[in-house]
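Structure record follows, encoded as structure tokens.
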Amino acid sequence: MQAIILAGGYGTRLAPLTYTKAKPMLPLLNKPMITYLIDALPERVDVIVATNYKNEQLKEYFDENGIEAVINKEDKPLGTAGAVKNAEKYIDGTFMVLNSDIISSINMRKFIQYHFKKKAFTTISLWPVKNVEEYGVVDLRPDGRILKFVEKPARKEAPSNLINAGAYCQEIEVLDYIKEGEFVSMEMEIFPKIIEEGKPFYGFTFDGFWIDVGRHTSYIEVTKILLRKKGLRYLSGESTIHGILKESTVGDECVIGENSVLKSCIVYNRTKIGKNIFMENCIVADNCEIGDEAILKNVVVGEGEKIGKNCKIENEKIWTKPIPDGYPRKQIGNPLSF
Ligand code: GDD
Ligand code: MG
């Protein structure tokens with residue numbers, strides 16, 4: 001069995017972090033997010049990563065860490081179904097598709113077993129949320145069959161509070177529904193078509209946790225959940241920590257100065273955080289400097305940025321350099337409808 005990890009897209013909602021890093025390479029407890037997906041797959045599943053933006057970062061990481069995965073590059077983004085079609089040559093039967101920006105407690109084995117038990121054409125994982133308008137929403141029958149799938153509906157038109165949780169198990173014939181070489185959305189075009197044609201389309205619910213890491217706030221939240229699950233108050237790589245870390249992670253070669261307090265923060269590598277600093281709900285990318293006495297709340301600092309001494313900053317994204325060439329100004333793919 002193969003699993004296609006959808007790792008393209010620019011991760012625009014995570015800019016400026018994604019100006020310099022591919023979204024699946026953003027660190028979560030100091031390991032790229034994509035490794036959590038790969039580790040959750042049953043052993044004998046071949047991994048195919050469908051990427052376009054900054055795929056060389058993934059390749060380098062896989063090579064260095066002996067991770068066996070095919071990197072299947074798209075010359076231009078093909079959308080969530082187009083990317084799967086583009087991997088057709090690797091697929092030899094029932095296959096999985098995983099969104100790469102989801103961290104969850106789904107048991108993949110049980111999910112696959114459920115798909116076979118139901119003799120489904122497509123099975124998707126489901127999770128209940130309040131903000132349904134940001135996701136794909138389903139109408140689910142008590143026996144697990146999905147009667148309707150609507151991508152990002154207006155709240156009052158959402159058929160339920162159960163959303164597409166971003167993991168699919170599909171029969172190989174699904175590939176016949178997708179046009180080759182074109183931008184095709186699985187959620188907006190293929191799922192509705194499967195339902196329209198009366199093919200068995202099922203939903204799989206599970207317990208535990210599910211977090212969309214597509215936004216800064218959820219990225220911090222999932223970091224805290226994983227720290228708690230590991231029984232850790234904080235995590236630091238090979239860094240010099242003089243200050244206090246609360247529910248935070250720090251990568252390698254960083255320095256955190258005396259009397260500085262970091263609460264619910266993510267710090268990447270080679271960043272210097274001075275003395276007497278207070279930071280809460282912040283993400284600081286590689287090679288940054290934060291000056292002494294600064295107070296930062298809900299701030300995302302892009303790679304290589306410097307924040308001066310005594311700065312007080314709230315609710316800002318810091319990026320002073322030009323936006324990289326070719327980076328889109330707005331979200332592409334399945335944007336929100338408002
Ligand atoms: N290879 C490739 N090519 N991957 C892509 C492309 C593309 O053109 N476009 C998006 N992706 C990847 C993204 O990196 C992400 O892992 C996944 O496909 C879904 O795209 P997002 O842009 O993150 O979509 P979304 O978050 O708005 O909505 C999707 O996820 C929700 C769950 O978080 C949909 O699948 C919703 O139905 C779902 O509820
Ligand atoms: Mg997403």
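The values are calculated or read from the model by the stated rules, or taken from the named source; none is laboratory data. Every value quoted in this text rests on a predicted model; they were computed, and no experiment measured them. Methodologically, a virtual Cβ is constructed for each residue, glycine included, from the backbone with ideal geometry; neighbour enumeration extends over all protein chains shown. Side chains included, ligands, DNA and RNA excluded: accessible areas come from the protein's heavy atoms. Shrake-Rupley method; radii C 1.70, N 1.55, O 1.52, S 1.80 Å.
In table form, for the structure just shown:
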| item | result |
| --- | --- |
| Pairs, first free of Cβ contacts under 8 Å to residues at least 40 places away in the same chain in region 87-105, second within 10 Å of ligand 1 (Cβ to nearest atom), C-beta under 9 Å, six or more apart | LYS89/ASN72 |
| Test for LEU296: is it out of contact with any Ser or Thr (no Cβ under 9 Å at 6 or more places or on another chain) and not β-branched (Val, Ile, Thr) | yes |
| Count of residues meeting criterion [open to solvent by less than 10 Å² (accessible area, probe 1.4 Å) and assigned to a helix (DSSP H, G or I)] in region 190-229 | 7 |
| Residue match in region 14-37 (condition: more than 15 Å from the chain's Cα centre (by Cα), open to solvent by less than 20 Å² (accessible area, probe 1.4 Å) and either within 21 Å of GLN170 (Cβ to Cβ) or in the same structural domain as GLU247 (by TED's automatic domain parsing) (or both)) | no |
| Sole exception among (1) more than 21 Å from the chain's Cα centre (by Cα); (2) on the phi > 0 side of the Ramachandran plot; (3) in contact (Cβ under 8 Å) with a residue 12 or more places away in the chain; (4) away from ligand 1 (no atom under 16 Å from the Cβ) for GLY231, by number | (3) |
| Cβ pairs under 7 Å, 6+ apart, first in region 34-56 and closer than 13 Å to GLN2 by Cβ, second of a type in the set (S, T, N, Q) | VAL45/GLN2; ASP46/GLN2; ILE48/GLN2; ILE48/ASN72; VAL49/ASN72; ALA50/ASN72; ALA50/ASN86 |
| Filter pass, GLY257 being within 25 Å of the chain's Cα centre (by Cα) and either at pLDDT 95 or above or within 15 Å of LEU296 (Cβ to Cβ) (or both) | no |
| Unmet criterion (only one of (1) under 21 Å from ILE190 (Cβ atoms); (2) open to solvent by 20 Å² or more (accessible area, probe 1.4 Å); (3) in contact with a Gly (Cβ under 9 Å, 6 or more places away or on another chain)) for LYS89 | (3) |
| When residues of region 193-217 are limited to those that are over 30 Å from VAL300 (Cα atoms) and hydroxyl-bearing (Ser, Thr, Tyr), the one farthest from ligand 2 (Cβ to nearest atom) | TYR202 |
| Lone unmet requirement of (1) at pLDDT below 95; (2) assigned to a helix (DSSP H, G or I) for ARG109 | (1) |
| Condition met for GLU238 (assigned to a loop (DSSP other than H, G, I, E, B), touching an Asp or Glu at 6+ places or on another chain (Cβ under 6 Å) and within 21 Å of TYR268 (Cα to Cα)) | yes |
| Any chance LYS179 is modelled with pLDDT of 95 or more, of a type in the set (Lys, Arg), within 30 Å of ASN281 (Cβ to Cβ) and out of contact with any Cys (no Cβ under 6 Å at 6 or more places or on another chain) | no |
| Pair list, Cβ under 6 Å, 6 or more apart: region 256-283 residue within 15 Å of THR240 (Cα to Cα), other residue aromatic (Phe, Trp, Tyr) and surrounded by fewer than 23 Cβ atoms within 10 Å (Cβ to Cβ) | VAL261/PHE278 |
| Of residues in region 77-109 being polar (S, T, N, Q) and within 16 Å of ligand 2 (Cβ to nearest atom), the one farthest from the chain's Cα centre (by Cα) | THR80 |
